[in-house]
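Asks: Let me begin by handing over the structure; questions about it come next.
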């Protein structure tokens, strides 16, 4: 069995997980995206388990990444909310392909001043050959689902210039490690 890789950062990071699994009544695998602030894989796994609405046994991570830089902006985690003209958006674009049953999704992070601008930027990032592109969900990290405040921390954007590198998600079926019994996160565990 392949488990979510172990990691430990010096400071908390914004992590984005694409989860899969079943519910009590589902016929096929369901998916959801969760946003987590964590320093370690153990801390992230606990938050993922709390956010998952399906069965514990079926829960797994299909894709994930550390969101450190988007569109030339560094993503910082802060304990204080700061006013800003630009915001971090998670955009989920649904699309269909001729001859293929079901809906596909293109998900991306963008920095923009509004939801309309975020959708436009996401559309530009998306593949050119997609048909019937439509916006399924736009998550404004400031007000759509209050992702600007994740786990009692705030997202701060710091412009650094041209983007350094594209986000490279870690894809594949990864189970969460068994929950450590009586685990209490402290400095000695890091």
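Asks: Please go through (1) in contact with a helix residue (DSSP H, G or I) (Cβ under 6 Å, 6 or more places away or on another chain); (2) more than 25 Å from residue 105 (Cα to Cα) for residue 76 and return the number of the only condition it doesn't satisfy.
Replies: Going through the list (1) in contact with a helix residue (DSSP H, G or I) (Cβ under 6 Å, 6 or more places away or on another chain); (2) more than 25 Å from residue 105 (Cα to Cα), residue 76 breaks only (1).
Asks: Residue 118: crowded, with 19+ Cβ neighbours inside 10 Å, touching a residue at least 24 places away in the same chain (Cβ under 8 Å) and out of contact with any helix residue (DSSP H, G or I) (no Cβ under 7 Å at 6 or more places or on another chain), yes or no?
Replies: yes
Asks: Within the range 164-176, does at least one residue satisfy the condition of being touching a helix residue (DSSP H, G or I) at 6+ places or on another chain (Cβ under 9 Å), surrounded by fewer than 14 Cβ atoms within 10 Å (Cβ to Cβ) and at pLDDT below 90? Spell out the reasoning first.
Replies: Going through the range 164-176, the residues touching a helix residue (DSSP H, G or I) at 6+ places or on another chain (Cβ under 9 Å) turn out to be 176.
Now restrict to residues that are surrounded by fewer than 14 Cβ atoms within 10 Å (Cβ to Cβ): none.
No, the range 164-176 contains no residue that is touching a helix residue (DSSP H, G or I) at 6+ places or on another chain (Cβ under 9 Å), surrounded by fewer than 14 Cβ atoms within 10 Å (Cβ to Cβ) and at pLDDT below 90.
Asks: How about the range 99-116: which of its residues are under 21 Å from residue 158 (Cα atoms) and in contact with a strand residue (DSSP E or B) (Cβ under 8 Å, 6 or more places away or on another chain)?
Replies: Keep residues of the range 99-116 that are under 21 Å from residue 158 (Cα atoms), which gives 108-115.
Listed by number, the residues that qualify are 108, 109, 110, 111, 112, 113, 115.
The values are calculated or read from the model by the stated rules, or taken from the named source; none is laboratory data. Note that the coordinates shown come from a computational prediction; the quantities given were computed from them, not determined experimentally. Note: ideal-geometry Cβ built from the backbone for every residue, glycine included; neighbour counts use all protein chains shown.
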